[in-house]
Amino acid sequence: MAKTAREVPDACALRLPGEHLPVAHRGRGLPRSSRAGRPGLAGRGRLLRHRPLARRQGTGCPCPRGGPATRNRPLRAQGAAARRRGLRALRLRARHGPRQPRRHRGAAPRVERGGRRFVPRLRRLARARRARSLLRGRGRLRGGAGPSRGGFPGARDRYRFAPGGHALSLALHADHSLTDANTLGLPCVAERHAAPATPAELREALTLARRHDWLLTVLGGGSNLILPERLPGLVIQPAMARWWLEEQGDGALVHAEAAVEWHALVIALAQRGLWGAENLALIPGRCGAAPIQNIGAYGVELSDLLEAVHLVHLDDGREAVLSAADCAFGYRDSVFKGALTGRVVITRLVLRVSRTPRPRLGYGDLASRLDAEPTALAVAQAVCAIRREKLPDPATLCNAGSFFKNPLIDGERARRLLAEHPTMPHFPQPDGRVKLAAGWLIDRCGLKGWRQGHFGVHERQALVLVHFGGGSADELLGFAGEVAARVKACFGVSLEREPRWAGA
Ligand SMILES: Cc1cc2nc3c(=O)[nH]c(=O)nc-3n(C[C@H](O)[C@H](O)[C@H](O)COP(=O)(O)OP(=O)(O)OC[C@H]3O[C@@H](n4cnc5c(N)ncnc54)[C@H](O)[C@@H]3O)c2cc1C
């Protein structure tokens, strides 16, 4: 037998003062005549109308979307789940005020439509205020600065309300530790940290920084950064992490947002038989940082497949799209290390990939590990295997990959050095300069495996400096300076640091 309105359990424990049950619960869902004459329709009408409240408050609604777990169970028996649903409803109301029926042109206020009562704006805001104060009383909504009441330990969370009572969802964390957020494992605390997950949240973070004149630092996966002990201002770590394909001819354009993990994207493309990024497998970090130093490995650079970079200017929030030519890419270099240093946040990359096989196996011993006609995935896996043999995993031994760039010297000096060191690896460049292998130079100075204090030169790959734990950024910079000075003394060649210093 269909329940009457009175049998529906009252969830008044979760109702706000002054709030009435929706009309359907008072038996006014349909005109009395239709309920009496057509019981099936009456039952259906009532269920449809009370569904939102029943679902929110766990009133045992037998509607299919309630699911077997909640169906026909009294409110108390549902315990924590019902309380959570009720709290979610309260939070929504605190942000947006009570849900409103669509108001048709010419309709007078306070008319009933679809079982909900139209509430004038001022009263709606008053109700939202009441919901917020109720939530604050329960410690569920954090307002203003103050000691931490949840979230990260030691963090102060803040919900702010825009004019009109709408909450802005960006969470700011004060004194946020970044020690686990950099692969060098350097101790660092950000004065403030935000991880905007939408363009609106990013705009909000930039507006806040402008209003309060906060210094801005953009952080990705932290695999190419040297962090100071304290980062003042606001650290923005974009959290937009969607990617999608736009089919084009025999290939596709890949749109990848800033927080997409680079290696995961490379593998996903290779699995779909899309060629272009496979040689760049296992490079740590996120897509947003890839153009900064034009990441490269095994004879391929990001610039070989990059079509465009979407970005936002930090100073005025202006959005822009740069073509590959605008990015002025070079060896571990780009406009983002020059004219645009620290002035933009990259939000999205557009890459071009192809279904036509085009393996590039000329670098190192890559070709010897593969068949004559390898797949893109086989190439990516071979690259991963070689890298795992050569490079320490930051998860087990803290490092930032290559600590120095391979130096470029002019042809004449290269010839003189080659006369002295005939086995020296060297790579002539199209512009007449010659690239040397920084790792070989460090190794030849007898520094492979050298350790001083908390830092050392990796025992298998001399280009990688490792942190054994307990060290600081100053100590690392001192150690790296000592390595560079010895190479200069031996070969007369200056080494340039690859990871960027994030301090002011
Ligand atoms: C084990 C290991 C191996 C590596 N191998 C290679 C390699 O083979 N080739 C290579 O090129 N690199 C290599 N790297 C370096 C590093 O992986 C890349 O430079 C990577 O692109 C850094 O990404 P990230 O997200 O960690 O950036 P982060 O280290 O967080 O930041 C690097 C720089 O980019 C800026 N930045 C980050 N995100 C954004 C954004 N959204 N908008 C604007 N600026 C931003 C930061 O401010 C910072 O200046 C290696 C690193 C490690 C630890």
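Read-outs throughout are calculated quantities, based only on the coordinates presented, and are distinct from any laboratory measurement. Computed from a predicted structure; not experimentally measured. Every residue, glycine as well, gets a Cβ built from its backbone with ideal geometry; the counts of neighbours run over all protein chains shown.
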Item to complete: Can you run the Rg to Rh ratio on the range 197-259? Use alpha carbon positions and the Kirkwood inverse-distance Rh.
Response: 1.13
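If each residue's Cβ is checked for other Cβ atoms within 10 Å, how do LEU92, LEU465 rank with the fewest at the top?
Working: LEU92 16, LEU465 26.
In order of increasing Cβ crowding within 10 Å: LEU92, LEU465.
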Fill in: Over the range 398-501, volume per residue of the alpha carbon convex hull, in Å³
97 Å³
Worksheet, complete the sentence: Of the candidates GLY401, ALA372, LEU418, the farthest towards the positive dipole end of the range 339-462 (Lys/Arg Cβ +1, Asp/Glu Cβ -1, centred on the Cα centre) is GLY401
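For the pair SER494 and TRP244, what calculated FRET efficiency results from E = 1/(1 + (r/R0)^6), where r is the Cβ-Cβ distance and R0 = 45 Å, to the nearest 0.05?
Using R0 = 45 Å, I get an efficiency of 0.55.
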Discussion item. Less than 24 Å apart at the alpha-carbon level, and either on another chain or at least 8 residues along: which lysines does that give for LYS488?
Written reply: LYS405, LYS435, LYS448
Worksheet, complete the sentence: Taking r as the C-beta separation of ARG355 and LEU122 and R0 as 56 Å, the FRET efficiency to the nearest 0.05 is 0.40
Worksheet item: With the calculation restricted to Cα positions, what are the radius of gyration and Dmax of the range 264-399 in angstrom?
Response: 16.0, 52
Worksheet item: Tell me, Kirkwood radius of the range 169-236 from alpha-carbon pair distances, in Å?
Response: 12.1 Å
Worksheet entry | Exposure proxy order (Cβ contacts within 10 Å, fewest to most) of PHE491, PHE427 | PHE427, PHE491
Discussion item. I'd like to compare 398-405, 261-268, 327-334, 372-379: which one has the highest average count of other Cβ atoms within 10 Å, and what's the full order after that?
Written reply: 398-405, 261-268, 327-334, 372-379
Response to the item:
Contour minus Cα-Cα span, GLN271 to ALA372, at 0.36 nm per residue, comes to 34.5 nm
Item to complete: Using R₀ = 51 Å, calculate the FRET efficiency as 1/(1 + (r/R₀)^6) where r is the Cβ-Cβ separation of GLU412 and TRP501; round to 0.05.
Response: 0.95
